[in-house]
Amino acid sequence: MTKTVNHWIGGKTVEGTSGQYGPVTDPATGAVTTQVALASVEEVDAAVAAAKAAYTTWGTSSLAQRTTVLFRYRALLDAHRDDIAALITAEHGKVHSDALGEVARGLEIVELACGITTQLKGELSTQVSNRVDVSSIRQSLGVVAGITPFNFPAMVPMWMFPLAIACGNTFVLKPSEKDPSAANLLAELASEAGLPDGVLNVLHGDRVAVDGLLNHPDVAAVSFVGSTPIARHIHATASANGKRVQALGGAKNHMLVLPDADLDAAADAAVSAAYGSAGERCMAISAVVAVGAIGDELVAKIRERAEKITIGPGNDPASEMGPLITAAHRDKVASYVTGAAAQGAEVVLDGTGHTVEGFEDGHWIGLSLLDKVSTDSDAYRDEIFGPVLCVLRVDTYEDGVALMNASPFGNGTAIFTRDGGAARRFQLEVEAGMVGVNVPIPVPVGYHSFGGWKDSLFGDHHIYGNDGVHFYTRGKVVTTRWPDPADAPAGVDLGFPRNH
């Protein structure tokens, strides 16, 4: 019998009432294993109402109360790492080690939230004028919502709600309907840790649920991670409704390899960054820019390593790369490879015909490597979101940076070189929000913020770190003047000598 994933509202499982369900497949077999309830507008209202009711007490709770819950939550997440990772593998398809890595990166933000007491300290200036003091404080917003993608069903939600609730907000999470189960387990563990009912709610659904949250008058802010077209829609719609928005979009991340680079290290990095998690991540390196005469040798080294990657079910310890999330996505990714030669690329590796014995109905695709790719080809211009690596050739460092800066995306980028001066110039000149120097996937640690530039981010705040705290709070400045107690009215004796 097919399992049903229902909503988590007000501290308990709530069965869907819309009558609409979405299929959840095991990407390794192609079989539908689960159905997920898709929320109606009325169910959106119920989730927001539960969060609004919980805010009346959580919003005024002490920092000690919040951090006590968060410390217990962190311990429970740590104890259930394997359980969360198993759900990710079953519904997303990524290998277990990748899934464990995802949980670990999410835990970093929970740990950051545990230290919220220092993040929320205000400022005070005394005696700015005679007997006048000015203080700055930060206060919570109210009900906030998070809309998260399929590729990191545990990590990206944990990039949002721990900080939001630590700051005193209540949260409605709308995870991807393609792999919904991890979100429910995260919410159940938060409840077990002592989080009051309604502070964290999980609402499953499709565009009806998303638009319901964007238009709801009681939702103060929206966090989003996903593709650029949807990020643009989220930002425009929520902003028009007066909400605070951080909407992280797509990417086309470049890796610039200079002639002096350690080519073995660069090839290792290119393979792990392009093909890890089957390329289904916004920080994947999808374009390597080779400078000068090193292109042929670099491509040969990448090919040699890529051909050794073992593809198989995510729950097989021997597997290094799993399937793609859906058959439709697999076919779309494959179309970029099959059309590459006609657009001038040299197809060094074609993974489109790959299958896995015993799992022939899974959403499989092999590793593809395209060389001498032009900047006007589809494989370069679009975010493919699969295990396809493009190699572009340029003559100089300046040509490489100009090529990269011409991209409409500006999420992450990297340079491989032994020259500190070149690296320093690059980190200042490249137009991207996150830069790696001999680091292919420069995802910041939890106490720095994650976010891109240009079409990779809509809104002013990056996610987590200091930006995350600022996003989930708003500033208030208090100017205070108290009369000197010596000037108390006649008949009021405060024990101070009179000023006369």
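The values are calculated or read from the model by the stated rules, or taken from the named source; none is laboratory data. Everything numeric in this text was worked out from a predicted model, so none of it was measured. Cβ atoms come from the backbone with ideal geometry, glycine included; neighbour counts cover every protein chain shown. Please note that ligands, DNA and RNA were not included when accessible areas were found on the heavy atoms of the full protein model with its side chains. Shrake-Rupley method; radii C 1.70, N 1.55, O 1.52, S 1.80 Å.
Couple of notes before you dig in:
- Dipole-positive endmost among 141, 442, 163 within the chain (Cβ charges, Cα centre): 141
- The fraction of accessible area contributed by carbon and sulfur in the chain is 52 percent, rounded to a whole number (1.4 Å probe; ligands and nucleic acids excluded).
- The relative contact order of the chain comes to 18 percent, based on Cα pairs under 8 Å that sit 6 or more residues apart.
- Proximal lysines relative to residue 372, as straight alpha-carbon distance under 18 Å, when same-chain residues fewer than 8 apart are discounted: 252, 301
- What separates the Cα centres of the stretch 394-434 and the stretch 1-70 is a distance of 42 Å.
- Selection among 265, 324, 233 by position relative to the dipole of the stretch 211-341 gives 233 as farthest towards the positive end (Cβ unit charges, Cα centre).
- Net charge dipole size for the chain [Lys, Arg +1 and Asp, Glu -1 on Cβ; Debye, nearest 20]: 1680 debye
- Placing +1 on each Lys and Arg Cβ and -1 on each Asp and Glu Cβ, with no other charges, gives the stretch 21-172 a dipole about its Cα centre of roughly 620 debye.
- Of the peptides 435-445, 313-323, 88-98, the order by per-residue mean of other Cβ atoms within 10 Å, starting with the highest, comes out as 88-98, 313-323, 435-445.
- FRET E, pair residue 215, residue 53, Förster distance 22 Å, beta-carbon r, rounded to 0.05: 0.65
- For the chain, with +1 on Lys and Arg beta carbons and -1 on Asp and Glu, the positive-most of 21, 97, 353 along the dipole: 21
- Relative to the dominant Cα principal axis of the chain, helix 327-338 is inclined by about 50°.
- The convex hull defined by the C-alpha atoms of the stretch 199-250 has an orientation-averaged projected area of 3.6 nm².
- The angle between the Cα long axis of helix 181-192 and the main principal axis of the chain comes to about 30°, on a 0 to 90 degree scale.
- Summing +1 for each Lys or Arg and -1 for each Asp or Glu among the other residues whose beta-carbon sits under 12 angstrom from that of residue 281 gives -2.
- The spacing between the stretch 455-469 and the stretch 297-352, judged by their C-alpha centroids, is 32 Å.
- Burial order of peptide ranges 157-170, 176-189 (average beta-carbon count within 10 Å, highest first): 157-170, 176-189
- The stretch 301-411 shape via C-alpha gyration tensor axes, a/c threshold 1.5: prolate
- The chain: calculated mean residue ellipticity at 222 nm from DSSP helix runs of at least 4, using -39500 (n - 2.57): -11000 deg cm²/dmol
- Euclidean distance between Cα centres, the stretch 79-141 to the stretch 192-236, Å: 18 Å
- Debye-sum result for the stretch 149-255 in log10 I(q)/I(0), which assumes one identical scatterer on each alpha carbon, at q = 0.22, 0.25 Å⁻¹: -1.32, -1.59
- Using alpha-carbon coordinates, inclination of helix 96-114 to the longest axis of the chain, degrees: 20 degrees
- Restricting the GluC sites (Glu not before Pro) of the stretch 349-415 to loop positions (DSSP other than H, G, I, E, B) with no more than 15 neighbouring Cβ atoms within 10 Å leaves 357, 360.
- Cα gyration tensor shape of the stretch 82-215, rounded if a/c is under 1.5, else prolate or oblate by comparing a/b with b/c: prolate
- Both the radius of gyration and Dmax for the stretch 309-361 are 12.8, 38 Å, in that order, over alpha-carbon atoms.
- Over all other residues within a Cβ to Cβ distance under 15 Å of residue 41, the charged ones net out to -4, with Lys and Arg as +1 and Asp and Glu as -1.
- Using C-alpha pairs below 8 Å separated by at least 6 residues, the relative contact order for the stretch 233-343 is 22 percent.
- Net charge of neighbours whose Cβ lies under 9 Å from the Cβ of residue 418, counting Lys and Arg as +1 and Asp and Glu as -1: -3
- Basic side chains Lys and Arg get +1 at the Cβ, acidic Asp and Glu get -1 at the Cβ, and with that the dipole of the stretch 118-186 about its Cα centre reaches some 100 debye.
- Highest average first, the peptides 265-276, 61-72 ordered by how many other beta carbon atoms sit within 10 Å of their residues are 265-276, 61-72.
- Rounded, prolate or oblate (a/c below 1.5 giving rounded, otherwise prolate when a/b exceeds b/c) for the stretch 1-83 by Cα gyration tensor: oblate
- Projected label distance in nm at residue 307 and residue 492, using a 7 Å step from Cα toward the beta-carbon: 8.9 nm
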